Amino acid sequence: MAQRIIWCAAVELALARGHPARALEIIDQLMASAAQGAEEPGSLRVLKMRGEALVMLQRPIEAEGAFEAAQVIARTQGVRPMQWRMFIALGNLYQAQGRNTEADQAFATARTLIEELAATIADEPLRDNFLQRATAMLPYARAPSPKEAAKQTLLTTREREVAALITQGKSNQEIADRLIVTKRTVETHVGNIMFKLGYTSRTQIAVWAVETGVVIRAESESSM
């Protein structure tokens, strides 16, 4: 275990110095040694570093696989602080490839996780510091175009609430339970939102809701 900790530190140092090939070499040794023992070869920390090294080596497909594998482990183990970091890493990777819709969705999910974690921190200065540092890792959201912003007025208050919950990745049944309505009612709201906005997917709704501030506006309205 002590040796693995030293190796992980060596990987982080290699990445910081801009030597991804050396970092990947050490990571492969780490994964090989884990596979021979009782440890899980694809540990969360190792997979994260592997993805970072592959990004620097311009091997995006392999990097995406490493980040997604790490994300699955983080979700399964309930390691929420690592989850939002994985979504940011994936968002940056998607953005570099020009996959803007997927990047926006990843960043939106990261932002939601950050805000949910912040809400659990009772100490206000600590909470504010966490929010400041975590959100600084997110790209600046582009200002909505007049056409996008105008679409907000097309939605009812309840439809904006549904759109805000979609950004959190909630299913129709989960939204129904949250709003205390039937699943069929939620399906109708989602259909109306898509029709009014001219969209065909929940991902498009989520991205638009984050970019135009519908999430914040819906939260404000629900608290009134």
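The values are calculated or read from the model by the stated rules, or taken from the named source; none is laboratory data. These numbers come from a predicted model, not from an experiment. Ideal geometry is used to build each Cβ from the backbone, glycine not excepted, and the neighbour counts take in all protein chains shown. Note: accessible area is taken over every heavy atom of the protein model, side chains too, but ligands, DNA and RNA are not part of it. Shrake-Rupley method; radii C 1.70, N 1.55, O 1.52, S 1.80 Å.
Computed values, structure above
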| read-out | value |
| --- | --- |
| Residues of the range 143-159 classified as modelled with pLDDT of 80 or more and more than 18 Å from residue 201 (Cβ to Cβ), total | 3 |
| Residues within the range 198-215 that are out of contact with any Phe, Trp or Tyr (no Cβ under 8 Å at 6 or more places or on another chain) and open to solvent by less than 20 Å² (accessible area, probe 1.4 Å), tallied | 4 |
| Single match in 110, 32 (criterion: open to solvent by less than 60 Å² (accessible area, probe 1.4 Å), free of Cβ contacts under 8 Å to residues at least 12 places away in the same chain, among the small types (Gly, Ala, Ser) and in a helix (DSSP H, G or I)) | 32 |
| Top-ranked residue of the range 168-197 - restricted to ones that are modelled with pLDDT under 85 and outside any helix (DSSP H, G or I), ranked as surrounded by the fewest Cβ atoms within 10 Å (Cβ to Cβ) | 169 |
| Criterion: modelled with pLDDT under 85, among the hydrophobic types (A, V, I, L, M, F, W, C) and open to solvent by 20 Å² or more (accessible area, probe 1.4 Å) - qualifying residue of 69, 119 | 119 |
| Residues that are outside any helix (DSSP H, G or I), at pLDDT 85 or above and under 19 Å from the mean Cα position of the chain (by Cα), drawn from the range 122-142 | 137 |
